[in-house]
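Below: the structure, in structure tokens.
The values are calculated or read from the model by the stated rules, or taken from the named source; none is laboratory data. Everything quoted here is computed from the prediction, not taken from an experiment. Cβ: placed from backbone, ideal geometry, glycine included. Neighbour counts: every protein chain shown.
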Amino acid sequence: MTRRIVRTGIQLGVLTFIVFLLVFFLDNRYRVLPQSIHNHLPSHHEGLIITDITVNTCSSLNPLSTCKLDQDKWHRIEKDLYLNTGWVSKAYVHIKRKREEDLTDEDRVIIDVRIGKMDPAMNEKSQAAEKWESRPAGIWLKRSAKRHATDSKKAVTAVDVLFGSDAVDPRPGWELIQPTALLLDTGSGSKDARLSIRRGPVHKLEPPVPRIGKDGKFKIMQVSDLHLSTGLGVCRDPEPKGANGGRCDADPRTLEFVERVLDEENPDMVVLSGDQVNGETAPDAQSAIFKIVQILAERGKPWAAIFGNHDDEGSLSRLNQMSLYNSLPFSLSEAGPNTIEGVGNYFVEVRAHGSKHSALTLYFLDTHSYSPDEKRYEGYDWIKLKQINWFKTTAQSLKESHSHYSHIHLDMAFIHIPLPEYGSTTNKFVGSMKEQISAPGFNSHFKDALVEEGIKVVSCGHDHANDYCMLSENESTKEGELWMCYAGGSGFGGYGGYDGYIRRLRVFEIDANQGRISTWKRLEYGDIAKRLDEQVIVDSGRVIPPQSN
Ligand SMILES: *[C@@H]1O[C@H](CO)[C@@H](O)[C@H](O)[C@H]1NC(C)=O
């Protein structure tokens, strides 16, 4: 009896060990996001010319395979073309590159790239001087002697890999090779790998200077919780149910919504208040980010972004995503000081019309992700003391320069995760509170700092189905001191639910001449032309209570 128990015990132990090993092995091998990808940032060095491109495929089952070609000759682009989902294969684009001044007369440089099964020459009418050369994965290269190509700035100077049938490349000088994805032995559905190339030198980007319009107005569109994926993404709780025969592609629908409101509202600036990327469905976060930046850049809209709790759950850390943001057109985003917690603690000055003075200051703070102390404080992380001190010091140091502005200077702040005070019991709010407020369990009192520094409005994202603005009043004077707003969730890749929640976004309109801030929301479905819950929240620089409540 005892021996049988012992034997069963040993068997169980061995079995558990095997299962553990198996899970450990599988988990490490097939994790969507290996560490190597976390550290990836496109490295497009200045002054380099691409002389060859190839694709190297190797077995993902062979632990000894590095899947790298001769490193003296080839540079590997650090993105597995199967996004680490290939059970048998991994594949990487490799490039040969040379400094322009090191090119010899024998060197040939790439002047064109196509992807397809057939030689592109078959479709060319005239007989070109250069022949197309075939490479693996359906790549065709047209190469030319160096002297022809570099003269004309036609030479390819950088190569990158993006994923998805909806991939776009918003970087100036870059061209996504369309319409075909790389031809790999197994398709990866809507996340197939595509090549993007740059011709000529890196374009120097001038950061935009946001400015109040001639009419004294400045409009900010706050787009929160886009939850974009690599590829089309999967719709969660779309409303109305069963529309379009139940067919719904998350990202195209999200972006179509944002594009429509961008065109109708024509804002002066866009704030992306976190969870732009739905990390777990974004094994290539860059492809997800490019989709929103493309629609902003093609409209020339300056944009400032902060991170939510999901942005860095994909392939890029906060720091790497911020470097990427910094390299993209019309970005106002900044990492902020590295001496305080978080990435993306910064401010943006909106200048007065026809003057160098700031009329409006926008503060951005990183609200991090999950609680570092789940036992004591469940849920989400909080704004740290050093961040609050940075905010106070910054606000105080700007006061002197702001005093030169001829009108009332206004200040607003944007965060991702709501502050604990968003859950106050007051009837002074406009909009709907459909879900429980998921603020941090620990109150670091950032709200008090906002009030002390005279910030009139703070707006967050995070809770997709909450879209209200709540008034905070001074306890003794009962005067309004701060409006705390939600943007509402805009993305179909994020949760909806909660009694038929319709995706939405928030607009703020600043009237600098009147010291006024108005706000309203726009809906994705239903009464789509309407300004929902339009209200003046600040007038003559003073926080004012709801007008009709
Ligand atoms: C409330 O108002 C009084 C009087 O203006 C002021 O002294 C006090 O600091 C305010 N309280 C807070 C929490 O701001």
Inset, instruction - State which residue is nearest to the chain's Cα centre (by Cα) when the search covers only region 395-421 and only residues that are within 25 Å of Asp311 (Cβ to Cβ) and part of a loop (DSSP other than H, G, I, E, B). - result: His416
Legend entry - Those helices (runs of 4 or more DSSP H) lying entirely in region 240-350 with at least 2 residues at pLDDT 95 or above and over 28 Å from Gly526 (Cα atoms): 285-297, 318-326
Legend entry - Among (1) of a type outside the set (Lys, Arg); (2) touching a Phe, Trp or Tyr at 6+ places or on another chain (Cβ under 6 Å); (3) more than 16 Å from the ligand (Cβ to nearest atom) - the single one Met484 does not satisfy: (3)
Legend entry - Lys434 vs. criteria surrounded by 18 or more Cβ atoms within 10 Å (Cβ to Cβ), under 27 Å from Leu505 (Cβ atoms) and among the basic types (Lys, Arg): no
Legend entry - Any chance Lys392 is in the same structural domain as Asn338 (by TED's automatic domain parsing), away from the ligand (no atom under 16 Å from the Cβ), out of contact with any Cys (no Cβ under 9 Å at 6 or more places or on another chain) and within 22 Å of Ala305 (Cα to Cα): no
Inset, instruction - Examine region 121-135 for a residue that is assigned by TED's automatic domain parsing to the domain that holds Ala158, touching a residue at least 24 places away in the same chain (Cβ under 8 Å) and either exposed (fewer than 14 other Cβ atoms within 10 Å of the Cβ) or within 29 Å of the chain's Cα centre (by Cα) (or both), and state whether such a residue exists. - result: no
Inset, instruction - For region 256-284, name all the residues that are touching a helix residue (DSSP H, G or I) at 6+ places or on another chain (Cβ under 9 Å), in contact (Cβ under 8 Å) with a residue 60 or more places away in the chain and under 30 Å from Lys79 (Cβ atoms). - result: Val258, Gly274, Asp275, Asn278, Glu280, Thr281, Pro283, Asp284
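Here is a list: Leu141, Leu103, Leu162. Which entry is modelled with pLDDT under 95 and in the same structural domain as Asp52 (by TED's automatic domain parsing)?
After applying the criteria, what remains is Leu103.
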Inset, instruction - All but one of (1) crowded, with 21+ Cβ neighbours inside 10 Å; (2) closer than 15 Å to Gly274 by Cα; (3) away from the ligand (no atom under 16 Å from the Cβ) hold for Tyr495, so report the exception by its number. - result: (1)
Legend entry - Residue match in region 530-542 (condition: within 16 Å of the ligand (Cβ to nearest atom), under 28 Å from Ile388 (Cα atoms) and either modelled with pLDDT under 95 or surrounded by fewer than 19 Cβ atoms within 10 Å (Cβ to Cβ) (or both)): yes
Legend entry - Matching residues in region 509-549 - criterion: being in a strand (DSSP E or B) and among the hydrophobic types (A, V, I, L, M, F, W, C): Ile510, Ile517, Trp520, Leu523, Leu532, Val536, Ile537, Val538, Val543
Inset, instruction - Select from region 454-496 the residues that are out of contact with any strand residue (DSSP E or B) (no Cβ under 7 Å at 6 or more places or on another chain) and of a type in the set (Asp, Glu) and list them in ascending order. - result: Glu475
Inset, instruction - Under 6 Å between Cβ atoms, at least 6 apart or on separate chains: pull out the pairs that start in region 339-367 with a residue that is assigned by TED's automatic domain parsing to the domain that holds Pro440 and end on any residue that is surrounded by fewer than 19 Cβ atoms within 10 Å (Cβ to Cβ) and of a type in the set (A, V, I, L, M, F, W, C). - result: Val343/Leu319; Val343/Ala335
Legend entry - Any hit, region 445-463, residues being within 16 Å of the ligand (Cβ to nearest atom), over 26 Å from Gly515 (Cβ atoms), in the same structural domain as Tyr363 (by TED's automatic domain parsing) and not in a helix (DSSP H, G or I): yes
Legend entry - Output for region 388-433, where each listed residue is aliphatic (A, V, I, L, M) and farther than 20 Å from Val536 by Cα: Ile388, Ala395, Leu398, Ile415, Ile417, Leu419
Legend entry - Members of region 502-536 that are of a type in the set (Phe, Trp, Tyr) and free of Cβ contacts under 8 Å to residues at least 24 places away in the same chain: Trp520
Legend entry - Residue satisfying all of: in region 313-355; among the hydrophobic types (A, V, I, L, M, F, W, C), under 16 Å from the mean Cα position of the chain (by Cα) and crowded, with 19+ Cβ neighbours inside 10 Å; farthest from Val209 (Cα to Cα) among these: Leu316
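I need a count of the residues in region 499-508 that are surrounded by 16 or more Cβ atoms within 10 Å (Cβ to Cβ) and either within 14 Å of the ligand (Cβ to nearest atom) or part of a loop (DSSP other than H, G, I, E, B) (or both).
3
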Legend entry - Residue among Tyr468, Tyr486 that is surrounded by fewer than 22 Cβ atoms within 10 Å (Cβ to Cβ) and closer than 21 Å to Val271 by Cα: Tyr468
Legend entry - Residues located in region 386-400, provided they are free of Cβ contacts under 8 Å to residues at least 60 places away in the same chain and surrounded by 14 or more Cβ atoms within 10 Å (Cβ to Cβ): Lys386, Gln387, Trp390, Thr394, Leu398
Inset, instruction - For Asn474, indicate whether it is in contact (Cβ under 8 Å) with a residue 60 or more places away in the chain, within 16 Å of the ligand (Cβ to nearest atom) and of a type in the set (S, T, N, Q). - result: no
Inset, instruction - Evaluate region 373-388: report whether one residue or more is within 28 Å of the chain's Cα centre (by Cα), within 16 Å of the ligand (Cβ to nearest atom) and either outside the structural domain of Ile517 (by TED's automatic domain parsing) or modelled with pLDDT of 95 or more (or both). - result: yes
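Assess whether Val55 counts as being in contact with an Asp or Glu (Cβ under 9 Å, 6 or more places away or on another chain), under 28 Å from Gly231 (Cα atoms), not small (Gly, Ala, Ser) and not assigned by TED's automatic domain parsing to the domain that holds Ser315.
Here the answer is no, as Val55 does not meet what is asked.
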